[in-house]
Amino acid sequence: MNARIPRHTKPTPVEMGLQAPRLTLSLLQEQNRIFRGSGGISDENRALGFRPAFYDLETGEAHLSRFANGKEAPMHLLDGLPDELVAQRQENGRVTETTPGVIAGFVLHGQFYTRDQAARATQRMRHRADLLSNPEQHHQLLDIWEQFVVEQSYPANLMRSVVEESWRRCQESNVDPLIAHAPLSEREQLERRRSENAELLDAARPVLKRAGELLYNSESLILLADRDGLILHTESDPEVLGSAAKVNLIAGGLWGEDAVGTNSIGTALEAMEPVQLYGAEHYCYGIKHWTCSADIVRDPHDGSVIGAVDLSGLTESYQHDALEFAVTVARLIEANLARDYFNTRQSVIDATRSIFNLWRADGLLAFDHRGRLIKANRLAFRRLRELDPDFPLTPQTRIAALDLHTPTGQASAPAWLANHIHYPIRTKRRTIGTLIVLAETH
């Protein structure tokens, strides 16, 4: 099963330490309780190379967890933190509270992951038998589908849960089961979506190109769709291209479940996990001669689903390892996204280092070009407690209105943002982010 935080115990921002101004021993214990079973604690991710650490939002530096003697610790301890990050100690020297802006997480390959990011990175796939289709059920499922469409009922325990849940969603959404192909977006809409997903496409293109080369003569195509199931890019074996075009399994095709029923792209996006569908498992009649395997792609910043990778072919081209191939491609794309994400973070840290060192009179917040928070000094914590006590300050905070790629006015912003000074963060070549100055009021 996928390791995940149960919904009834999902941490609040305060419990996760996102809004708490100072990290304490009791908060560390509470975080360990909340993230147990998710991969967000040391015992569950140590074997994968994660090392417990703390992130200082003021400097953008990560500090490995250490005992008081300086030796690296296998769990989160406050005792080995640098003195400048310590707010309170007991008489015996044990650290009980940090300064504002210290976040508990992990370091892997030199990069800092919050507990939530580490939990997602260590999730395991569900049992393989439940993920894979069974071609031998094709004709039986065709009969079940007819019964489901006509009588809105079906025999129990004959469908995989992912298929059953999807068919029910399609039925509740009044999806036409006789749809012959997916709708096709206008060229202008496709180009706009490609622009909005430029980072995803940049990370995906070299991976998809190599995957397409490996699939040569396999009668398959591999594609990338955005979070809504709109196909952004395909790499196709020429033998399958004509058949794919007939159902609009091409760039611009809209493959969300609400558009074309149960299909690996839309269903993976809905279920937020890998999905393989064979023939009759599709909801709409026009695509029941296809077999498809897909997995979602997540943003390394906050774990949100930003797209899906799909490997498709006609039913006679079914390959048992197709889902594993799609999952691998998705992970490689995420690796490229993570590399670019951490490089961007470091660029903002480097570009603002002297500003944060010298500008001590006001609260400072540094965001990257996508509006993701990179740094915040201690005055910023104090000022934001006055301006917006519920606003979180964490490496996973994002303000969409500060996304330099989003047209002005198309994203909401906190009320306090408009009343403070904005400065562009620049390198020699380009603008890489935004500096917000929270000036003191008198």
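Annotations for the structure displayed:
- Within region 34-81, the set of residues being assigned to a helix (DSSP H, G or I) and farther than 29 Å from Ala380 by Cβ comprises Ser42, Asp43, Glu44, Asn45, Arg46, Ala47, Leu48.
- Output for region 303-324, where each listed residue is of a type in the set (Gly, Ala, Ser) and part of a helix (DSSP H, G or I): Ser317, Ala322
- Residue in region 387-401 that is nearest to the chain's Cα centre (by Cα), counting only those that are buried (at least 16 other Cβ atoms within 10 Å of the Cβ) and part of a loop (DSSP other than H, G, I, E, B): Gln396
- Selection status of Val327, within 30 Å of Glu196 (Cβ to Cβ), β-branched (Val, Ile, Thr) and either assigned to a loop (DSSP other than H, G, I, E, B) or in contact with a Ser or Thr (Cβ under 9 Å, 6 or more places away or on another chain) (or both): yes
- Residues (within 13 Å of Asn263 (Cα to Cα) and among the β-branched types (Val, Ile, Thr)) located in region 149-190: Val162, Val163, Val175, Ile179
- The number of residues in region 36-79 that are polar (S, T, N, Q) and surrounded by fewer than 22 Cβ atoms within 10 Å (Cβ to Cβ) comes to 3.
- Hey, Ala211 under 24 Å from the mean Cα position of the chain (by Cα), of a type outside the set (Val, Ile, Thr), assigned by TED's automatic domain parsing to the domain that holds Asn248 and modelled with pLDDT under 95 or not: yes
- Residue count for region 307-364, restricted to those that are of a type in the set (Asp, Glu) and surrounded by fewer than 18 Cβ atoms within 10 Å (Cβ to Cβ): 5
- For Gln276: the one exception among (1) in a helix (DSSP H, G or I); (2) under 21 Å from the mean Cα position of the chain (by Cα); (3) at pLDDT below 95; (4) not charged (D, E, K, R): (1)
- Which numbered condition Phe367 fails, given (1) modelled with pLDDT of 95 or more; (2) under 27 Å from Ala119 (Cβ atoms); (3) more than 21 Å from the chain's Cα centre (by Cα): (3)
- Residue count, region 150-180 (criterion: under 27 Å from the mean Cα position of the chain (by Cα) and touching a residue at least 40 places away in the same chain (Cβ under 8 Å)): 9
- Condition broken by Pro300, with the remaining ones in (1) under 21 Å from Gln171 (Cα atoms); (2) part of a loop (DSSP other than H, G, I, E, B) satisfied: (1)
- Hey, Pro183 over 26 Å from Ala280 (Cα atoms) and either over 25 Å from the mean Cα position of the chain (by Cα) or in contact (Cβ under 8 Å) with a residue 12 or more places away in the chain (or both) or not: no
- The helices (runs of 4 or more DSSP H) found wholly in region 82-191 and carrying at least 1 residues that are hydroxyl-bearing (Ser, Thr, Tyr), at pLDDT 85 or above and surrounded by 15 or more Cβ atoms within 10 Å (Cβ to Cβ) occupy 161-172.
- Yes/no for Cys292 being within 18 Å of Asn217 (Cα to Cα) and among the hydrophobic types (A, V, I, L, M, F, W, C): yes
- Every residue from region 402-419 that is outside any loop (DSSP other than H, G, I, E, B) and not acidic (Asp, Glu): Leu402, Ala415, Trp416, Leu417, Ala418, Asn419
- Of all residues in region 350-361, one or more are outside any helix (DSSP H, G or I) and modelled with pLDDT of 90 or more.
The values are calculated or read from the model by the stated rules, or taken from the named source; none is laboratory data. Keep in mind that what you see is a predicted model, and the values were worked out from it rather than measured. FYI the Cβ positions are ideal-geometry reconstructions off the backbone, even for glycines, and counts take in every protein chain you see.
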